[in-house]
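Asks: Shown below is the structure under consideration.
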Amino acid sequence: MIAVYPGSFDPVTYGHLDIIERAARMFDEVVVLLMVNDAKPGTFTMQERKEMIESTITHLKNVRVEIGSGLTVEYAYNLGARVIIRGIRAVTDYEYEMQMGTANLALNPQVETIFMMAKPEYSFLSSSIAKSIAINDGDLDYFVPPFVARRMKEELIKK
Ligand code: ADP
């Protein structure tokens, strides 16, 4: 069974990576789907985000990264996936995720969204917090893998 894990991953964090690793144990194939969102240009280009994710998943043979656009649920369906995975960190994530999950089910009832709880140690972790730390040249060891930390500092610290 193929599962899709969609998101903006701008950039990937240890919280995302934990969900990817857990999903890779449950499904035959996991596609990390970087969705183009014209309303949210973000910090890194899609290609940069893809490279950063790929650098962290080399140990996972059944995981690949794709860049997609349009409706996530349609993209997932056309890829052969019938499951969308989302992570829930805290109650603050719940409302938005419920809205998206319900909308996606209405758009295509053949695709189920499943939610995985963030590990407690990663439940406060987000790409935007990691970016605030990087901008101020703080210690990113706990937040993102070394290659991502290096790329963040190159990009975000004003020379
Ligand atoms: P989006 O813009 O679609 O929310 P993100 O890249 O922020 O994309 O997140 C992708 C998915 O990963 C979302 O389901 C989000 O809740 C989940 N996620 C983000 N950070 C964590 C974390 N620290 N632990 C577990 N899940 C997370």
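No value in this document is a laboratory result; all are computed from the given coordinates. Because the structure is predicted, anything quoted here is derived from the model rather than measured. FYI the Cβ positions are ideal-geometry reconstructions off the backbone, even for glycines, and counts take in every protein chain you see.
Asks: Lys153: which lysines have alpha carbons under 18 Å from its alpha carbon, excluding same-chain residues fewer than 8 sequence positions away?
Replies: Lys50, Lys131
Asks: For Met35, what residues show an amide H to amide H distance below 5 Å, using hydrogens built from the backbone and excluding near sequence neighbours?
Replies: Gly7, Gly68
Asks: Could you work out Rg/(2.2 N^0.38 Å) for the stretch 28-159, with Rg from alpha carbons only?
Replies: Numbers: Rg = 16.0 Å, N = 132, 2.2 N^0.38 = 14.1 Å.
Its radius of gyration relative to the 2.2 N^0.38 Å reference: 1.14.
Asks: To continue, here is another question. Applying the Karplus parametrisation 6.51 cos²θ - 1.76 cosθ + 1.60 with θ = phi - 60° to the phi angles of the stretch 11-16, what ³J(HN,Hα) value in whole Hz is obtained for each residue in order, glycine and proline being reported as x?
Replies: The phi angles translate into x, 5, 10, 5, x, 4 Hz.
Asks: What does the charge count around Lys40 come to, taking other residues whose C-beta lies under 14 Å from its C-beta (Lys +1, Arg +1, Asp -1, Glu -1)? Kindly include the intermediate steps, with their values, before the conclusion.
Replies: Details: positive: Arg49, Lys131; negative: Asp10, Asp38.
Spelling it out: positives minus negatives among the neighbours equals 0.
Asks: Towards the positive end of the charge dipole of the chain, with charges on Cβ (+1 Lys, Arg; -1 Asp, Glu), say which of Gly7, Ala134, Asn78 has the farthest Cα.
Replies: Ala134
Asks: Add +1 for every Lys or Arg and -1 for every Asp or Glu among the other residues with Cβ under 10 Å from the Cβ of Ile67, and state the total.
Replies: Details: positive: Arg49, Lys50; negative: Glu66.
Taking every other residue near Ile67 into account, the sum is +1.
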